[in-house]
Structure formats: C-alpha cells, structure tokens
Amino acid sequence: MSGTIQKLREVKDEQEIAILKKSTELAANGFKALLEFVQVGQTEREVSNWLNNWMLVHGATKPSFDTIVASGYRSALPHGSATEKRIADGDMVTVDFGYFYEGYTSDVTRTFAVGDPGEKMREVYAVVKQAQANMFTAIKSGANGQEVDKAGRDYITEKGFGDYYNHGSGHGIGLEIHEGPNLGARYVDEILTPGNIVTAEPGVYLPEIGGVRIEDDLLVTESGNEILTDAPRDLIIL
C-alpha cells in the first residue's frame, strides 16, 4: 500500500465514523460484560476465551490481534498474551483487545483488580488515569503526536514512574489495528486532523509487581475530541 493511500485513510468520512462508533461501543460493552464474569481462580486464557465468545456472539466478526490478559506480576508485561496462569486475590488484571465490526476495528485496554491490589498499585493506577486525562486534553486538531505523548509521559515522569513507561502513547485505528497518525516522542511531524480516530494508551509497568494500562479510542473533531469508548476508567475492584 502506498504512503498516499495510508495518509488518506487516516481521515475517516461520516460513514466510517458511524461504523467505528458502533465498533468501539461494542468493545466497551464487552468489557462491561466481562466484569460480571471474572473471578479468582480463573485462568487468563479462560477470560480471553470468554471475551472472544461474547464479542463474536454480539456482532464482531473477528479479533484484530490476540487478546491480552495479563494478571498479577504478568500485568507488568505490556504485551502479555493470555496464559494458563490463574488469577489470584489481589491481582491487577490488564485486558487489551480489539475486534472488527463491519470491517473496522476497536482497540481498548482496561486494568482492574480482583481483590485489594495494595497501596502501590492503587497509586500507579491513579497516575496512569491522570496521565490519560492529560492526553485527552491534548488531543485536538493541530496537535502533533509528540505533544500528545508529552502530555501523558511528563506527568508519569513527574510522579516518579517515567522509567516504567516503555511504549508509545497511541495510534490511529480503522481498517487496520495500527494506522496513522501515531502518538509518541518521535512523531512531531504527525499532525492530528478532524476525522482521525486515535488511541490514548499510557501505562506503567513495575517488573515482577504489576502494571496498569488504560486505553480509549477518540475521534478528533473541529472543537477537540470525542471519546468513543465509555467503559469505566475508575479503578474497579471485583
């Protein structure tokens, strides 16, 4: 695919936006349903399989990547595919998933706790949530990918966790799970435009302890942005 076509695809038309709103709504509803299922003793793979089945039953056609379910110490792995590890009391659980609906994908991450995760992980969660809120403010027409990344990353660094945020802050979605524009320290030349739909996904990962990532999908508008994924962002303790 040529770079010209890729660039054109970054700006969605009204029909594409309507489908993406349905796709992201379906993903948010899938997460809400998952919260009624998860409990201590289940394996990460059980959780992943349950979510996959729910999404397909409710209108998704297929996943856009292997669903990530990472619990306890494994939640410190940004891309920890689901395993046979069982969820234990006090575990943080990160679930990262995307599903196609009428050809367009979503990309959502939520981290929640099964039992009390302890003071440190509560602190980490609060820092990541505020970093994402800072990114929400920065996501607007005319902003570049570096500025949006900086809005979240600087806050995480200020709170002492900068060394534990080791990936980019977001990317476009659409017909593929990774499209432009990208949000990261290197992307000063990638300018947000109305019609872009991008993820905002800051994270903090403490080795052998646990991690937190919160990811939402946003539509860039003339006046700012519209958050398309309405799954809860407060720390949920099941």
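The values are calculated or read from the model by the stated rules, or taken from the named source; none is laboratory data. Owing to the predicted nature of the structure, the values given are computational and were not obtained by experimental measurement. In this analysis, Cβ positions are derived from the backbone assuming ideal geometry, glycine residues included, and neighbour counts consider all displayed protein chains. Accessible surface is based on the protein model in full, side chains and every heavy atom, while ligands, DNA and RNA are left aside. Shrake-Rupley method; radii C 1.70, N 1.55, O 1.52, S 1.80 Å.
Numerical summary
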| item | result |
| --- | --- |
| Distant-in-sequence amide H partners of residue 211 (H built 1.01 Å from N, under 5 Å) | 75, 76, 206 |
| For the chain, built as a Gaussian network whose Cα springs stay under 10 Å, the top-fluctuating residue of 217, 96, 116 | 116 |
| With at most 12 neighbouring Cβ atoms within 10 Å, loop GluC sites (Glu not before Pro) (DSSP) excluded, longest segment of the chain | 85-207 |
| On Cα atoms only, tilt of 145-158 relative to the major axis of the chain in degrees | 30 |
| In order through segment 168-174: 3J(HN,Hα) via Karplus (6.51 cos²θ - 1.76 cosθ + 1.60), integer Hz, x for Gly, Pro | x, 9, x, 6, x, 10, x |
| Within the accessible area of segment 1-40 (1.4 Å probe), percent carbon and sulfur | 52 |
| Folded to 0 to 90 degrees: helix 14-35 orientation relative to the chain principal axis, Cα | 10 |
| Whether segment 83-178 is rounded, prolate or oblate, judged on the alpha carbon gyration tensor where a/c under 1.5 counts as rounded | oblate |
| Under 5 Å, built H, 5+ apart or other chain: amide partners of residue 236 | 113 |
| Two-site label geometry, residue 102 and residue 65: point separation in nm, points 7 Å out along Cα→Cβ | 2.5 |
| Computed lengthening from residue 163 to residue 208, 0.36 nm per intervening residue step minus Cα-Cα distance | 14.7 nm |
| From phi via Karplus (6.51, -1.76, 1.60), per-residue ³J(HN,Hα) for segment 74-81 in Hz, x at Gly/Pro | 6, 5, 7, 9, x, 10, x, 4 |
| Dipole magnitude of the chain, debye to nearest 20 (Cβ charges: Lys/Arg +1, Asp/Glu -1, about Cα centre) | 200 |
| Pairwise label distance in nanometres, residue 15 with residue 56, each label 7 Å out on the Cα-Cβ vector | 2.9 |
| In sequence order, calculated HN-Hα J values of segment 187-194 (Karplus, 6.51, -1.76, 1.60; Hz; x Gly/Pro) | 9, 5, 8, 9, 9, 6, 9, x |
| Over the chain: helical MRE at 222 nm, DSSP H runs n ≥ 4 each giving -39500 (n - 2.57), nearest 500 | -11000 deg cm²/dmol |
| Straight-distance crosslink candidates among lysines, where the alpha carbon sits under 30 Å from residue 85 and sequence neighbours closer than 8 are dropped | 32, 62, 120, 129 |
| Highest-MSF residue in the chain out of 216, 66, 13 [GNM, Cα springs under 10 Å] | 13 |
| Segment residue 33-residue 122, extension gain: residue separation times 0.36 nm, minus the distance between their alpha carbons | 29.7 nm |
| Segment 145-205: proportion of alpha-carbon pairs further apart than 13 angstrom, % | 59 |
| Against the rule of thumb 2.2 N^0.38 Å, how large the Cα Rg of the chain comes out | 0.96 |
| Selection from 50, 121, 98, by position along the positive dipole direction of segment 1-124 (Cβ) | 98 |
| Under 5 Å, built H, 5+ apart or other chain: amide partners of residue 174 | 105 |
| Point-to-point label distance, residue 40-residue 226, nm (Cα→Cβ direction, 7 Å offset) | 4.3 |
| Helix 119-138 axis, angle to the chain major axis (alpha carbon atoms, nearest 10°) | 10 |
| Centroid-to-centroid separation of segment 75-142 and segment 163-238 [C-alpha atoms, Å] | 11 |
